[in-house]
Amino acid sequence: MSTSTWPGERATRRRKGAARALACAAAMLPVAIALPMAGCRGDRSDNPPRQFFPDMDDQPRWKAQDRSEFFADGRTMRQPPQGAVAFGRSPVVSDEPWASTYTLQRAQLLKADDRVYRGVDERGALLTTIPVEVTPALLDRGQNRFDIYCAACHGIKGDGKGLVGQSWAYPLPSFHDDRFQPGGESGAEGHIFDVALNGFVGPTGRQLMPGYGHALTEHDAWAVVAYIRALQRAHRAGIQDLPESERTQLQGAPQPAPAAEGGS
Ligand code: HEC
């Protein structure tokens, strides 16, 4: 075979050589990337990790309850300045109706109103009124909370004959007894409010009923009080409490046919 080459052949060989080098480099590239990574894996080092884009990953901070070298009192958790008043999580202060959510949140945080939040008046006496506006919405809420949290024992009608109430060690009192009526010895609105939230301790000091403060807000508790009042009112209502038109309609109405016995 002749060793002489013609210029075209040399160029082809050069091109082939370059292509081979490129392929080789491409094959090595993953290895070149993987090597340093494999090298880092599992190795222990006291050096801080290399971060090409730290993205604020590391920032100075203190753990709650930690000792602080910075503050003179040695606490990392700062105390509110003296005389600070809890204010709420929103800076909005307005009497406008649209801000009512914030106003309510703030009132619930401050709990400054003894009547609404503790059920007592300025002299510490139990309230004998409901200190929030009683609306149909409040009664609905009260029914909803009562049926969920109270009815199991006290019964849907408040007569003490709920499923749990029936198997209680002794018969539970009925809210329709005289002593729970307005003006009755255990009938003060502030008392029922307090029992709903904090439970009831009997004369011997035993806790007879658990409190439902974990489940009811103060407004819920007033809603429940209002609903118990509605149950009591309904229980003692007679036909004379109906408006004239409904009374005559009821009295004139045909009696319902007796339900069919047995069968399916
Ligand atoms: C697990 C059962 C149970 C549930 C649920 C329950 N109670 Fe009671 N409640 C009792 C018992 C027991 C007594 C004490 C009865 C007694 O010995 O006089 C009581 C007593 C009361 C009394 C009377 C306190 C007094 O002065 O004698 C009120 C008012 C009352 N409960 C309200 C509520 C309200 C409101 C709820 C719902 C938020 C509720 N209870 C949920 C068991 C329950």
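The values are calculated or read from the model by the stated rules, or taken from the named source; none is laboratory data. Values in this document were obtained by computation on a predicted structure and should not be read as measured data. For neighbour counting, all protein chains shown are included, and Cβ atoms are generated from backbone atoms with ideal geometry for every residue, glycine included.
Residue pairs whose Cβ atoms lie under 7 Å apart, sitting 6 or more positions apart in sequence or on different chains, and linking a residue in region 201-213 that is of a type in the set (S, T, N, Q) to a partner that is surrounded by 14 or more Cβ atoms within 10 Å (Cβ to Cβ), are 207/199.
Picking from residues in region 174-206 that are more than 8 Å from the ligand (Cβ to nearest atom), over 25 Å from the mean Cα position of the chain (by Cα) and polar (S, T, N, Q), the one that is nearest to residue 114 (Cα to Cα) is 181. Scanning region 62-88 for residues that are touching a helix residue (DSSP H, G or I) at 6+ places or on another chain (Cβ under 8 Å) and surrounded by 10 or more Cβ atoms within 10 Å (Cβ to Cβ) yields 86, 87, 88.
Here is a yes/no grid of residues against (1) near the ligand (Cβ under 10 Å from one of its atoms); (2) of a type in the set (A, V, I, L, M):
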| position | (1), (2) |
| --- | --- |
| 139 | no, yes |
| 148 | yes, yes |
| 154 | yes, no |
| 157 | no, no |
| 167 | no, no |
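Just name the residue that is surrounded by the fewest Cβ atoms within 10 Å (Cβ to Cβ) out of those in region 207-219 that are within 22 Å of residue 161 (Cα to Cα) and more than 8 Å from the ligand (Cβ to nearest atom). The extreme case among them is 207. A search for C-beta distances below 6 Å between a residue of region 87-101 that is among the β-branched types (Val, Ile, Thr) and any residue that is surrounded by 10 or more Cβ atoms within 10 Å (Cβ to Cβ), counting only pairs 6+ apart in sequence or on different chains, returns 92/99; 92/102. The selection criterion, being of a type outside the set (Lys, Arg) and away from the ligand (no atom under 12 Å from the Cβ), holds for residue 127. Consider region 221-234 and keep the residues that are within 10 Å of the ligand (Cβ to nearest atom) and closer than 13 Å to residue 195 by Cα. The one that is farthest from the chain's Cα centre (by Cα) is 228. Here the condition is being more than 21 Å from residue 241 (Cβ to Cβ) and either among the charged types (D, E, K, R) or assigned by TED's automatic domain parsing to the domain that holds residue 108 (or both); of 157, 161, it holds for 161 alone. Taking the numbered list (1) within 21 Å of residue 223 (Cβ to Cβ); (2) part of a loop (DSSP other than H, G, I, E, B) in turn, residue 191 passes all entries but (2). Being in contact with a Leu (Cβ under 9 Å, 6 or more places away or on another chain), part of a loop (DSSP other than H, G, I, E, B) and not charged (D, E, K, R) is the filter here; which residues of region 161-182 pass it? Of everything in region 161-182, those that are in contact with a Leu (Cβ under 9 Å, 6 or more places away or on another chain), part of a loop (DSSP other than H, G, I, E, B) and not charged (D, E, K, R) turn out to be 162, 175, 176.
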